[in-house]
1. Which of the following residues is at pLDDT below 95, touching a helix residue (DSSP H, G or I) at 6+ places or on another chain (Cβ under 9 Å) and farther than 19 Å from B:K306 by Cα: A:D81, A:D74?
2. Within the stretch B:18-27, identify whether any single residue is surrounded by fewer than 18 Cβ atoms within 10 Å (Cβ to Cβ) and either in contact with an Asp or Glu (Cβ under 6 Å, 6 or more places away or on another chain) or farther than 30 Å from A:L107 by Cβ (or both), and answer yes or no.
3. Within the group A:L60, A:L6, A:L27, A:L12, which residue is touching a Pro at 6+ places or on another chain (Cβ under 8 Å), outside any helix (DSSP H, G or I) and either crowded, with 20+ Cβ neighbours inside 10 Å or among the small types (G, A, S) (or both)?
4. Tell me yes or no: at least one residue of the stretch A:144-154 is without any contact (Cβ under 8 Å) to a residue 40 or more places away in the chain, farther than 26 Å from A:L211 by Cα, of a type outside the set (A, V, I, L, M) and surrounded by fewer than 16 Cβ atoms within 10 Å (Cβ to Cβ).
5. Among B:L223, B:L194, B:L170, B:L174, which is the only one that is buried (at least 17 other Cβ atoms within 10 Å of the Cβ), touching an Asp or Glu at 6+ places or on another chain (Cβ under 7 Å) and over 26 Å from B:Q47 (Cα atoms)?
6. Starting from residues that are within 14 Å of another protein chain (Cβ to nearest Cβ), of a type outside the set (A, V, I, L, M) and not in a helix (DSSP H, G or I), keep the ones in the stretch A:139-155 and report whichever is farthest from A:H99 (Cα to Cα).
7. Restricting to the stretch A:222-239, count the residues that are surrounded by fewer than 20 Cβ atoms within 10 Å (Cβ to Cβ) and under 27 Å from A:L140 (Cα atoms).
8. So how many residues does the stretch B:88-134 have that are among the polar types (S, T, N, Q) and farther than 19 Å from B:I196 by Cβ?
Amino acid sequence: MSGEALIQLSGLRKTYNVGLPSEAEVLHGIDLEVGLGEFTAMIGPSGSGKSTLLNVLGLLEQGTSGNYHLSGRDVTSFTDDERTRARHAIIGFIFQFHHLLPAFTALENVMLPALIGTSNGGGVGAALTPARMRAQAAELLDGVGLGDAMDKKPHELSGGMQQRVAIARSLILSPRLVLADEPTGNLDTHTSDGIFELLRRFNRERGTALLIVTHDPLLAARCDRIVELVDGLIAADRPNAASTSEAPSQAE
Amino acid sequence: MTLGFELTVALRFLREGRMQTALIVGGAAIGVSVIFFITAVLTGVQQDLIRRVMGSQAHVVVKPQEETVTPLVANSDVERLPSIQARPQRLNSIDGWAPMAHLIEITPGVRAVAPVATGAALAIKGNTTRSIVIIGTELDRYLRVVQLEDKLKIGVFDMRPGDAVIGIDLAHDLGAVLGDRFRVQNAEGVSETLRIRGLIDLGSRGLNQRNVYADLRVAQTLLGIPGRVTNLDVALNEMIQADAVASRLRAQTGQLVESWIQTNSFLFTAINNQNVMTYLIRTFITIVVALGIASVLVVTVVQKRKEIGILRAVGATRRQMLSVFLLQGGIVGAAGALLGSVMGLGLVVVFSRILRNAEGDPLFSLHFDFRLIGVVLVAAVVLGVLSAVLPARNAARLDPAQAIRG
């Protein structure tokens, strides 16, 4: 495997409800390669298969056919356990509706992936002491500007703050890849800017590769590469030279 | 958060769903307390009953064989139905009882043996006459067979020749008090004068009106069987093994051997039936509690779909999710058992004051078996975990992609 490639996807097809009258192929053969540390936007209309592709890339779902190498390993026919551990070791997730656990504080939410590592058999984070986990989580929350809100429960936080917690959570195990599904989807433009800046910063500082699914063309325009999906196929894949992390907010 | 992932999440989920948790813990607690209560009451009532009925009885009694009539029929070729007159029973007695008593004493399962000469007689004081049963024995040995000390109301257990300990109702009937003398006379007119050294309450009016305990030799004289006994009373280590030991003794001694289970078959059957009923009730309560825990957890899994999906997405394996819900079942079971034990203890205390028997004593004594709490606790945890198997499997099988989307 090429040392630089993080994602190598070839000929990926995904069919739902195989064998049923409602059988439908959503992805019709996707070839995609993403390198370490890349900052990529994935755009496309609703129903183009973006979320499905993201789920397959994130090992939440398996393709019906095709090959997938993640970080040099052939994960195409991994079992559920193997996919879960690979997900835990390599990937961080940020969802549109931030998806924090309401019963846990911000700090505990950030610690969760590390805590899971103590008993999921994958070994990632297993060596961390609780104190060390706590310290790392606190550091990350500080980094996203929530140093004062660590012991708050999600319902006590604004939408933007919750999304910052989710970002901190996605980074706790220093993943090589963070998958973000409409991370700014339900936030106002000012808050969106802040979130985007954070993602940019972590990409720059930690070399974390980001793949951001978005509807927002302005946000996509600030990424280094734009992959456009139409009807389950990659319609366009271009580097975006115009991207700049210091781009001023153009939204009104 | 230092408890490990599964326990942390399990506890947090339970705390988050306070209402549901309270409901299942409450349900489990009520179930446990009822099981506790009926077990304590029944054990108490049964022990009370056994103590009452068996209080003045030996576990096993060895008696001589009854005399039977063997018709002398010459080998006739004519069929006939002989009319056989049963013969009246003389007072049968065992000769050479001492070696037999020793033989019985060394039989496995036997705790103590006492020689007894017992039969009917009359008690006479002034112009009052009462029919009595005289029980002559060697006191030291007899007290090891039958627990009589605690039934003594006044006086002492002192039975030298010429002394007697009699039932309180007999004393009342005779108009006698402690220290009084009365006469005991047999059918042939032979009589002995005995001094009342103690009054005893055997818990039954019939026995209290009739029983007179005296020295073995006095009874032997009165009953006309000098040197012999009418039966050997035997106490066992485990009274429930009476039948087994009885048949062993029957084979060894060749005498008529009766166990308390035979002579009190009504009691034994009643206790057995009661136990079967309680067992059934306990089983049904257990099933209801298990179904309650399972149904609430099934709902919890549905409500927590999204959170389960998130945990799976960020790296929790199916096994971990399974454990989270199995643990919840176990925790709920343990909490229910602890709370239920306290409630059960409360019920036992309250009802031991309210429920009383005919004599106004508590219907069951308050010896709460604390080992039961340990047993119930372990059983409740196992039950909780088993009840959680179905919901936990639902949680583990949840497709994270779908759970998050929906």
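The values are calculated or read from the model by the stated rules, or taken from the named source; none is laboratory data. Note that this is a predicted model, so its numbers are computed, not measured. Cβ atoms come from the backbone with ideal geometry, glycine included; neighbour counts cover every protein chain shown.
1. Of A:D81, A:D74, the one residue that is at pLDDT below 95, touching a helix residue (DSSP H, G or I) at 6+ places or on another chain (Cβ under 9 Å) and farther than 19 Å from B:K306 by Cα is A:D81.
2. yes
3. Matching residue, one of A:L60, A:L6, A:L27, A:L12: A:L60.
4. yes
5. B:L194
6. Result: A:D151.
7. 2
8. Number satisfying all stated conditions: 4.
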